[in-house]
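Have a look at the structure below before the remarks.
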Amino acid sequence: MRKLGSVAVAVAILGLAACGSSGGGDAPMATVITDRPAPITAVPSATSDRTPSSSGQTTTTTTTTTMPTTTTAAPTSSSAPQANPQDYAGKAPGWYYFSSPSGKFECGIAVLDTSIAGCHGSLPDSAPRVPGSGASRTAVAPNTVQLIAGSAAKFESLGDPKFHRFDGPAAVLPYGEVLTVAGSGSTNGLQCTVDEQTGVTCTDQVGHGFTVSGDDFDLR
């Protein structure tokens with residue numbers, strides 16, 4: 001009995017082995033995928049203000065805004081010494097007279113209903129010719145430069161030297177001092193000064209005036 005049992009077990013083992021080696025080689029082999037492909041996700045590119053250069057380096061462009069520069073003119077100095085108008089007052093009310101230190105010009109200021117300032121003297125040869133006094137059709141060399149407050153200054157030919165002081169010598173206005181005569185309003189005040197280089201300058205309160213010397217002039 002024991003031998004038969006052993007034989008039966010041996011036969012069974014051989015039978016299994018035979019089954020594994022016969023015909024079973026034609027069966028398809030199962031394929032096992034062990035590595036799953038990872039899904040590809042597109043990453044959006046970031047927008048940048050930086051621009052790649054030809055060398056591969058990133059160049060950052062910086063824009064600098066320059067604010068416009070405002071230039072402000074310096075105010076005119078008011079520190080010039082002021083002359084006392086009473087030292088130059090004439091006998092006629094509202095009239096003031098002075099002469100330049102060189103003696104080349106005699107000048108006057110009259111602040112009345114209409115304010116005027118002017119000078120007689122050695123006017124420059126470059127001064128334009130003007131209608132003659134009493135002969136307006138004849139052009140002559142001027143003998144006066146005159147400013148009427150509120151109007152541009154001009155050269156004139158006057159028969160009467162109205163800026164000459166007849167009742168005595170006119171006081172000298174020193175170089176650099178300013179003779180200011182206030183007007184009755186905001187536009188008819190006048191002031192004059194004398195500079196050794198540029199000559200006599202007289203102006204009104206709104207920017208009109210003249211500068212005159214023996215060599216040059218400026219009317220405005």
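The values are calculated or read from the model by the stated rules, or taken from the named source; none is laboratory data. Everything numeric here is computed off the predicted structure, so don't read it as measured data. Virtual Cβ from ideal backbone geometry, glycine too; neighbours counted across all protein chains shown. SASA here: full protein model, heavy atoms, side chains in, ligands and nucleic acids out. Shrake-Rupley method; radii C 1.70, N 1.55, O 1.52, S 1.80 Å.
Please determine whether any residue of region 165-174 is over 26 Å from Pro81 (Cβ atoms) and not acidic (Asp, Glu). Within region 165-174, one or more residues are over 26 Å from Pro81 (Cβ atoms) and not acidic (Asp, Glu). Residues in region 178-199 that are open to solvent by less than 50 Å² (accessible area, probe 1.4 Å) and either assigned to a strand (DSSP E or B) or modelled with pLDDT of 95 or more (or both): Val178, Leu179, Val181, Leu190, Cys192, Thr193, Val194, Gly199. Among the criteria (1) under 20 Å from Asp215 (Cβ atoms); (2) without any contact (Cβ under 8 Å) to a residue 40 or more places away in the chain, the one Gly134 does not fulfil is (1).
Beta carbons closer than 6 Å, at least 6 apart along the sequence or on distinct chains, pair a first residue in region 193-220 that is closer than 22 Å to Asn143 by Cβ with a second that is among the acidic types (Asp, Glu) and surrounded by fewer than 16 Cβ atoms within 10 Å (Cβ to Cβ) for Thr211/Asp218.
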